[in-house]
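What follows is calculated from the coordinates using simple rules that are stated; it is not laboratory data. Just so it is clear, the model here is predicted, and its values are computed rather than measured. Don't worry about glycine lacking a Cβ; one is built from the backbone with ideal geometry, like all the others, and counts go over all protein chains shown.
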Amino acid sequence: MAVLPLRPLDGYPQPFGYSKGSVFPHVGPTDYTVVVESSPIHVPLVGGDIVYAVEAGLKLFDYIAMAITDDGQYMIQPIPASQSDGTAGRSTTSYILRWVVLATGAEVAVHTFLADQVVRLFALGPK
């Protein structure tokens, strides 16, 4: 299956109150790495799939909603990447996406090929 260049859906980004909202497709990674957290505060250190605000047509992310892939196999859990650099609560240029098998609730295994998976993400960012 050929992967076409991806961009936000037609009409996005859109003003959304004091923010811009964007619905955009994101393709999974070719070689997934599990998210490694530190305990007890669960701040992501490494791993997952990185999504950047520019993919959504935004400069920064304020929020990305949890989503399910188009084929219903996986759930995406977005984690603000800024949590790992001590700037939690601020807009960030990227999020870490944890891919979870919907049927089991387990995170996808390391080295899983997900480049044939597409998820539509909803994000908010500052105007």
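Sorting the segments 21-31, 97-107 by their mean number of nearby beta carbons within 10 angstrom, highest to lowest, gives 21-31, 97-107.
Grab the Cα-Cα distance for ASP31 and ASP70, subtract it from 0.36 nm times how many residues apart they are, and report the gain in nm with one decimal.
Working: separation 39, 0.36 × 39 = 14.04 nm, distance 1.93 nm.
Contour length minus the Cα-Cα distance gives 12.1 nm.
Put simply, the amide H of ILE50, placed in the peptide plane, has neighbours under 5 Å in LEU97, leaving out anything fewer than 5 places away on its chain. Near TYR63, the amide H atoms lying under 5 Å from its own belong to LEU124; only residues 5 or more places off or on other chains count, and H is placed 1.01 Å from N. Annotation for ASP116 and VAL54: the two label points, set 7 Å from Cα along the Cα-Cβ direction, are 3.0 nm apart.
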